[in-house]
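*Asks:* Right, I'll just put the structure down here and ask away after.
The values are calculated or read from the model by the stated rules, or taken from the named source; none is laboratory data. Keep in mind that what you see is a predicted model, and the values were worked out from it rather than measured. Methodologically, a virtual Cβ is constructed for each residue, glycine included, from the backbone with ideal geometry; neighbour enumeration extends over all protein chains shown.
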Amino acid sequence: MDRCVVLVDAGYLLGAAASLLAGEPSRSRITVDHTALIQGLRERAEADTQQPLLRIYWFDGAPDRVPQPEHRRLRVMPRVTVRLGALTRSDGRWAQKGVDAAMHAELTELARNRACSDVVLVTGDGDLLPGLMSAKEHGVAVHLWAVQAADGDYNQSEDLVAEADERRVLDRVWITRAVRAKDLTGLCSPAPAPRPEIAAILSAPLPEAALAEAARNGTPTGTAPTAGRPAPVPAPTAEGAAEVAAEGARPVPTPKDLAALRAPGVTAAPQNAAGAAAAPAGSALRWSSDKGWIDRAGPLGEPAETASLPTLAQLTSAEQRWADREEDITTVGGDPFEVGQVFARRWMERLPEAGHLQKLATMYPRIPHRIDGELLRYAARFGLLAHKDDQIDEHDRYAIRAGFWREIDVRAAAEHVTGPAAAVPGPAATPAADQG
């Protein structure tokens, strides 16, 4: 068949691009515009082979072979097929398992079935040499592409280079059309600016109960609320900073102190390890421990006005669950902001009462616990909130919740719902605590 196929070893392509742009082969050092990258591969392949594209195969590793957000975005693109191998950690380093074998099997099968006349290989691994030779024996022209090496040396097997029919190099100019470094080290490009919706979540004011508690404790919180939202917290003066340093930071109660509050027979206010009085029963730690205690009424510490809000699971029928899963698989790419929007849209569309939306709007920026937990569990299906470089990606949490509130904001504005969520602001001067 007179058409071309592209087989991409993502570990090689993106690792070599990271070495070129950021000085080390860690993919966490770069950001990738996958749409632009796939389009660039397609155009370059059709120009080099003079044949129309049949398909791009994207080979990559993933923990337990579970598709990550980038894989979900790629596999719903036209003429892109994602093949996943395992991603394992050994001696503190991540390594792909099974990717080379999958590429070898795909290459030989395409050649044996005469599915294409030209194959473009974007890889540097010499383990593919037998597959390359087999493809040539079946009459397929093999084009080998390399990424420009960072140190001037080869980053490909010399045997692959010698055996390929044609070889091209993807230089820095071509790579930077779709790949950027995250910092300014050497020739790196700056990281993209954060979305204003995420900045709004970070800069969200404290709830009214927290403001009252802060006022009683003498903690500065800014000016009085205006138009339903407190003003940003002003930066401390030099005198104020000196006073704080002299007095020492107020000790923060620990989970052990919280457990002591619930113990039978406790009558006096317990103290934490630093000797400070803990909060009275009925209060709980805020999500961010540096904000102290906040009163929460209602069951399980949830405010009474939101305890009646239904969860998405309670609002979803079996048929709707199937339709939701179908949409997740075929159209939802897995971007954290997009995931929050999808969840909020489904929740709002199935609400039995319009008053529920108004109740939620008054809670901005804090999502009721049951709904927030359900939102994060939904996001986990897309590989979000997973351990990345041994740390939870907090940016995902901000983005998920920002997407949720943005969708609520659009609906609230359409229905003229009043409340803080009806006007999600842009970035403010001072960040507030994350929800969890």
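*Asks:* Mind listing whichever residues of segment 377-400 are buried (at least 20 other Cβ atoms within 10 Å of the Cβ) and either at pLDDT below 90 or farther than 21 Å from PRO196 by Cα (or both)?
*Replies:* TYR378, ALA379, PHE382, LEU384, ASP396, ARG397, TYR398, ALA399
*Asks:* Hey, among ALA141, ALA193, ALA149, which residue is surrounded by fewer than 18 Cβ atoms within 10 Å (Cβ to Cβ), of a type outside the set (Asp, Glu) and modelled with pLDDT of 95 or more?
*Replies:* Sole residue among the options that is surrounded by fewer than 18 Cβ atoms within 10 Å (Cβ to Cβ), of a type outside the set (Asp, Glu) and modelled with pLDDT of 95 or more: ALA141.
*Asks:* Let me ask something else about it. Go through (1) under 16 Å from GLY11 (Cα atoms); (2) without any contact (Cβ under 8 Å) to a residue 24 or more places away in the chain for ARG83 and report which single condition fails.
*Replies:* (2)
*Asks:* Output the qualifying pairs, or none if there are none: Cβ atoms under 6 angstrom, residues six or more apart or on different chains, first residue in segment 18-42 and assigned by TED's automatic domain parsing to the domain that holds ILE56, second residue among the hydroxyl-bearing types (Ser, Thr, Tyr).
*Replies:* From segment 18-42, the pairs are ALA18/SER26; PRO25/SER19.
*Asks:* Here's something else I'd like to know. Working carefully through the options PRO78, PRO67, find the one that is surrounded by fewer than 20 Cβ atoms within 10 Å (Cβ to Cβ) and in contact (Cβ under 8 Å) with a residue 40 or more places away in the chain.
*Replies:* Result of the check over PRO78, PRO67: PRO67.
*Asks:* Closer than 23 Å to LEU37 by Cα and either in contact (Cβ under 8 Å) with a residue 40 or more places away in the chain or surrounded by 20 or more Cβ atoms within 10 Å (Cβ to Cβ) (or both), is that true of GLY131?
*Replies:* On the way: closer than 23 Å to LEU37 by Cα: no; either in contact (Cβ under 8 Å) with a residue 40 or more places away in the chain or surrounded by 20 or more Cβ atoms within 10 Å (Cβ to Cβ) (or both): yes.
Judged against the criteria, GLY131 is not a match.
*Asks:* Right, here's the next one. Would you check which residues across segment 310-335 are in contact with a Lys or Arg (Cβ under 7 Å, 6 or more places away or on another chain) and of a type in the set (Ser, Thr, Tyr) and list them?
*Replies:* Scanning segment 310-335 gives THR311, THR316.
*Asks:* Restricting to segment 302-322, and then to whatever is closer than 16 Å to MET348 by Cα and exposed (fewer than 14 other Cβ atoms within 10 Å of the Cβ), can you tell me which residue is modelled with the lowest pLDDT?
*Replies:* Step one: filter segment 302-322 for residues closer than 16 Å to MET348 by Cα, giving 306, 308-317, 320-321.
Checking the rest, the ones that are also exposed (fewer than 14 other Cβ atoms within 10 Å of the Cβ) come to 308, 313-314, 317, 321.
Details: SER308: 79, ALA313: 92, GLN314: 92, SER317: 90, ARG321: 89.
So, considering only residues that are closer than 16 Å to MET348 by Cα and exposed (fewer than 14 other Cβ atoms within 10 Å of the Cβ), the one modelled with the lowest pLDDT is SER308.
*Asks:* Looking at (1) surrounded by 17 or more Cβ atoms within 10 Å (Cβ to Cβ); (2) under 19 Å from the mean Cα position of the chain (by Cα), find the lone condition where VAL6 falls short.
*Replies:* With (1) surrounded by 17 or more Cβ atoms within 10 Å (Cβ to Cβ); (2) under 19 Å from the mean Cα position of the chain (by Cα) applied to VAL6, the lone miss is (2).
*Asks:* If you don't mind, another one. Check segment 81-89 and report whether any residue there is assigned to a loop (DSSP other than H, G, I, E, B), more than 27 Å from LYS136 (Cβ to Cβ) and modelled with pLDDT under 90.
*Replies:* Residues of segment 81-89 that are assigned to a loop (DSSP other than H, G, I, E, B), as a first pass: none.
Taking every residue of segment 81-89 in turn, none turns out to be assigned to a loop (DSSP other than H, G, I, E, B), more than 27 Å from LYS136 (Cβ to Cβ) and modelled with pLDDT under 90.
*Asks:* Every residue in segment 61-80 that is assigned to a helix (DSSP H, G or I) and out of contact with any strand residue (DSSP E or B) (no Cβ under 6 Å at 6 or more places or on another chain), please.
*Replies:* Hits for segment 61-80 are ASP64, PRO69, GLU70, ARG72, ARG73.
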